[in-house]
Amino acid sequence: MEFKNKLILVVDDEPHMVRFVRMNLELEGFRVTEAYSGLEAIEKVRKELPDLVVLDVMLPDLDGFEVLRYIRKSSNVPVIMLTIRGEEEDKIRGLELGADDYITKPFSPRELVSRIKAVLRRVSAATPVDEIVVVDEDLSIDFRNREVIVRGKRIKLRPTEYRLLYHLVNNAGWVMTHEMLLSKVWGHEYRDDTHLLRLYITYLRQKIEPDPSKPKYILTERGVGYRFVDFRRKKGSAESAEQK
């Protein structure tokens, strides 16, 4: 099996839900560990180093958002949030805090397994390159450490932000459609979720653009997708001019 023996931490205060998730994940070859409170979840992330966390929003001590905030202080482990409300605000809040995906209860075993596998594929596919890419005097990107250097200041990227920027920069000068970016960064099953893409484009612009309202690096191709400025061509033209 593709993900055999990957360790999944399931965090939920309802024992029957934990049993339900455990049974279905173990049928797929995953190993499962459990936590029934926010504090227990934080401790298990630290001690057991799971490959992915399935985290319920509604917990008896710390809620799922607080747990995620603690986890992100020390770990980039992928996190899928579970919510019974399905409200847009909950989804956005989870993504802003660094969640990799969300599922609304009730959900089918097939959907949960599919989402977990999709997130694990994204993480394993995001292989860092060795070089530091210099876009211009104000912006450099250190892909190995998942950081951007904006006017000399290092800014850490969250895993999903890193994957999105990686694909944009490696296709600089080319228009990447919404469907293409969603498939590459989140997986084929997300290819219609343009709201999710717009949200993360906003996050990236807030981190790297001098003026996010007037972007100079991540350009919008209305109705189609996004394009990262073709900095390589500009450099080539400048070098040719100097030689002349």
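Coordinate-derived values only; no laboratory data. Source: prediction; values computed, not measured. Backbone-built Cβ (ideal geometry, glycine too); neighbour counts: all protein chains shown.
Can you give the FRET efficiency to the nearest 0.05 for Val134 and Arg69, using r as the Cβ-Cβ distance and R₀ = 41 Å?
That pair, Val134 with Arg69, gives E of 0.80.
Given a 10 angstrom Cα cut-off, can you work out which residue in Gly152, Gly94, Gly225 is the most mobile in a GNM of the chain?
Gly152
Relative to the compact-globule scaling 2.2 N^0.38 Å, provide the ratio for the alpha-carbon radius of gyration of region 7-125.
Ratio of Cα Rg to 2.2 N^0.38 Å: 0.94.
Going down the table (Lys4/Lys207; Lys105/Lys156; Lys184/Lys214; Lys73/Lys214; Lys117/Lys153; Lys91/Lys184), which pairs top 28 Å between alpha carbons?
Lys4/Lys207; Lys105/Lys156; Lys73/Lys214; Lys117/Lys153
Full extension from Glu179 to Thr194: what is 0.36 nm times the residue separation minus their Cα-Cα distance, to one decimal in nm? Could you put the intermediate results ahead of the total?
Details: separation 15, 0.36 × 15 = 5.40 nm, distance 0.80 nm.
Here the segment from Glu179 to Thr194 would lengthen by 4.6 nm.
Give me the distance between the Cα centres of region 91-125 and region 160-225, rounded to whole Å.
Region 91-125 and region 160-225 have Cα centres separated by 19 Å.
Counting alpha carbon pairs within less than 8 Å and at least 6 residues apart, what relative contact order, in whole percent, applies to the chain? Numbers along the way, then the final one.
Numbers: 374 pairs, mean separation 27.9, N = 244.
The normalised contact order for the chain reaches 11 percent.
Would you work out which of Leu95, Pro106, Val57 lies farthest towards the positive end of the dipole of the chain, given +1 charges on the beta-carbon of Lys and Arg and -1 on that of Asp and Glu, about the Cα centre?
Checking the options against the dipole of the chain, the answer is Leu95.
Restricting to the chain, compute how many DSSP beta bridges are antiparallel as a %, nearest 5.
Expressed as a percentage, antiparallel bridges in the chain total about 55.
For region 117-197, which chymotrypsin sites (Phe, Trp or Tyr not before Pro) are in a loop by DSSP, counting at most 15 other Cβ atoms within 10 Å?
Trp174
With the crude spin-label approximation of a point 7 Å out along Cα→Cβ, what separation in nm comes out for Lys4 versus Asn170?
A separation of 2.8 nm, rounded to one decimal place.
Count charges around Arg69 for me, please; just the other residues with Cβ under 13 Å from its Cβ, Lys/Arg as +1, Asp/Glu as -1.
Details: positive: Arg72, Lys73, Arg93, Arg158; negative: Asp63, Glu66, Glu96.
Taking every other residue near Arg69 into account, the sum is +1.
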